[in-house]
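The values are calculated or read from the model by the stated rules, or taken from the named source; none is laboratory data. Please read all numbers here as calculations on a predicted model, not as lab measurements. Backbone-built Cβ (ideal geometry, glycine too); neighbour counts: all protein chains shown. These accessible areas exclude ligands, DNA and RNA; they are computed on the full protein's heavy atoms, side chains included. Shrake-Rupley method; radii C 1.70, N 1.55, O 1.52, S 1.80 Å.
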Amino acid sequence: MATLLRSKLSNVATSVSNKSQAKMSGMFARMGFQAATDEEAVGFAHCDDLDMEHRQGLQMDILKSDGGEEGGETPLEGDIHYQRDGTGPLPPSASKEAGVCSELSGQGKPKITAWEAGWNVTNAIQGMFVLGLPYAILHGGYLGLFLIIFAAVVCCYTGKILIACLYEENEDGEIVRVRDSYVDIANACCAPRFPTLGGRIVNVAQIIELVMTCILYVVVSGNLMYNSFPNLPVSQKSWSIIATAVLLPCAFLKNLKAVSKFSLLCTLAHFVINILVIAYCLSRARDWAWDKVKFYIDVKKFPISIGIIVFSYTSQIFLPSLEGNMQNPKEFHCMMNWTHIAACILKGLFALVAYLTWADETKEVITDNLPSTIRAVVNIFLVAKALLSYPLPFFAAVEVLERSLFQDGNRAFFPNCYGGDGRLKSWGLTLRCALVVFTLLMAIYVPHFALLMGLTGSLTGAGLCFLLPSLFHLKLLWRKLLWHHVFFDVAIFVIGGICSVSGFIHSLEGLIEAFRTNAED
């Protein structure tokens, strides 16, 4: 009896200790100091430095995986959330943290405010790919400016209806959250006939977008370095190879803890660079070429501009996780409104002011138009930002591929790439290195920032931001929709489909032509 009593007292003491640690972790998380939990898990990392939603997603994913072990529902095939969901090896520290989190009763996962959520969205839609928007105005004139506004309105609306698809009315007439991710929504739309088809489609789109983002980072690094030091006997392809050599250690990444420390600084530095570019343009306001901005479009190149603009607004893929992490989800709509209004104003002003300054001489990456005295400094900062941003989409793409192809239990296409001790096998590391080399080869043979950006925006950007949200909204909630919602969804689907097909065809033609030219050289 004495032994049993001592055992119970010990368990109680351990439980109290764990709860106090969890409460302290939650307190620090709310204060902005994120604990390093589950270093192997990754929330969505898209295009630009989404470090905050990455860190917030770590604890959310731990709690979800714990819930599944305690008898929760098993996620559908394809619902990978960019983490291993407990099927892959976790480090001991992660397991301990997960145990601590599971001790919380009534506390829930750490939440973020509407301002923090807005910062995440702002990072996604106002990243360094904004540098290609003046080039879109070059081929679209005032219609390009209108498209920047139109894309902001549509992406804001589709973001809201995508979140609406996460909720359903229960038997008591209450609106409850029944889904957690974009993949969940896609699977629900294809059920019961093809319960995993939608998730696979969304995952393929995610992989394409993430890999193309990595390629764009290599392209922009080579482009910026070549134009910063034109007198050096180093070609753009050689600069891309040098950049890839620096990025090759990404294949050995086990977590993004070290990289995430620099993400916020990189994002702030990018905002400073944007302000410097606008300040330089304003200093030349007397020479602005207003007569060059016209109501015309370049029929051949404007569809590429559509893809560029759409790609700069992509954020839908991580919105479900972001909304689920908010302290007050009712503030989500307001947050989406002010973030997209701010993005629309800033992007429109940046694109217009930059185009007015350089007019027909506007280049694919606008910083290449800056005077040589300041171009090198600005471009070096941008290259550093691109190189530090590369690991985020790369690691997320690796997680998706490993989870889908190598770690999906009996449904996996290939053997597990991790050994029994949790270490990555040598052939798995070789595949990671091959992915890095693939991004280099694409950057070498198609070193055209605008074409690649337009192709990605037309293919996956339009699909994930325009087509799928409107289609899912109609499929899941059509009985409760008002007529104007149905009209908007159908209109967005039709217009988005036309723009997507047109932009994809023209971008693909340009890429094929560029590929042939580079092959001949």
Formal net charge of residues neighbouring residue 146 (Cβ-Cβ distance under 15 Å; K, R +1; D, E -1) | +2
For residue 287 the rounded accessible area (nearest 10 Å², probe 1.4 Å, non-protein molecules ignored) is 110
What is the ratio of the Cα radius of gyration of region 130-520 to 2.2 N^0.38 Å, where N is its residue count, to two decimals?
-> 1.03
In Å², nearest 10: area of residue 273 left accessible to a 1.4 Å probe = 10
Working out 0.36 nm times the residue gap between residue 330 and residue 296, then minus their Cα-Cα distance, what length gain in nm do you get to one decimal?
-> 8.1 nm
Accessible surface of region 130-520, 1.4 Å probe, proportion on carbon and sulfur as whole % | 68
Determine how large the accessible area of residue 116 is when every protein chain is in place; take a 1.4 Å probe and give Å² rounded to the nearest 10.
-> 40
Each residue of region 224-240 in order: what ³J(HN,Hα) in whole Hz does its phi give by Karplus 6.51 cos²θ - 1.76 cosθ + 1.60, θ = phi - 60°, with x for Gly and Pro?
-> 5, 5, 5, 7, 7, 10, x, 7, 6, x, 10, 7, 5, 5, 5, 5, 5
Shape category assigned to region 464-516 from the gyration tensor of Cα positions, a/c cut at 1.5 | prolate
Tally Lys and Arg at +1 and Asp and Glu at -1 over the other residues with C-beta under 10 Å from the C-beta of residue 190: what net charge comes out?
-> +3
Amide H neighbours of residue 481 under 5 Å, counting only residues 5+ apart in sequence or on other chains, H built in-plane at 1.01 Å?
-> none
To the nearest Å², the heavy-atom accessible area per residue of region 130-520 with 1.4 Å probe amounts to 44
For residue 490 and residue 149 in one chain, what is 0.36 nm times their gap in residues minus the Cα-Cα distance, to one decimal in nm?
-> 120.8 nm
Please list, in chain and number order, the residues 5+ apart from residue 167 or on another chain whose amide H is under 5 Å from its amide H, with Hs placed from the backbone.
-> 178
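How charged is the neighbourhood of residue 469? Take every other residue with its Cβ under 10 Å from the Cβ of residue 469, and add Lys/Arg as +1 and Asp/Glu as -1.
Numbers: positive: 160; negative: 489.
So the environment of residue 469 carries a net charge of 0.
Using 0.36 nm times the number of residues separating residue 246 and residue 427, minus their current alpha carbon distance, what extension gain do you get? Kindly include the intermediate steps, with their values, before the conclusion.
Details: separation 181, 0.36 × 181 = 65.16 nm, distance 2.13 nm.
Full-extension gain reported as 63.0 nm.
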Given H placed 1.01 Å from N in the peptide plane, which residues other than close sequence neighbours of residue 326 have an amide H under 5 Å from its amide H?
-> 112
Across 111/254; 363/385; 254/425; 292/363, pairs whose alpha-carbon gap is larger than 23 Å | 111/254
In sequence order, what are the phi-derived ³J(HN,Hα) couplings for region 113-130 according to the Karplus relation 6.51 cos²θ - 1.76 cosθ + 1.60 with θ = phi - 60°, rounded to whole Hz, with x for glycine and proline?
-> 7, 5, 5, 5, 4, x, 5, 4, 5, 4, 4, 6, 9, 10, x, 6, 6, 4
Put 196, 357 in order of accessible area, largest first, 1.4 Å probe: what do you get?
-> 196, 357
HN-Hα J in Hz across region 383-396 - Karplus 6.51, -1.76, 1.60, θ = phi - 60°, x for Gly and Pro | 5, 4, 5, 5, 5, 6, 7, 3, x, 5, x, 4, 5, 5
Take every Cα-Cα pair in region 197-238 and report what % of them are more than 12 Å apart.
-> 65
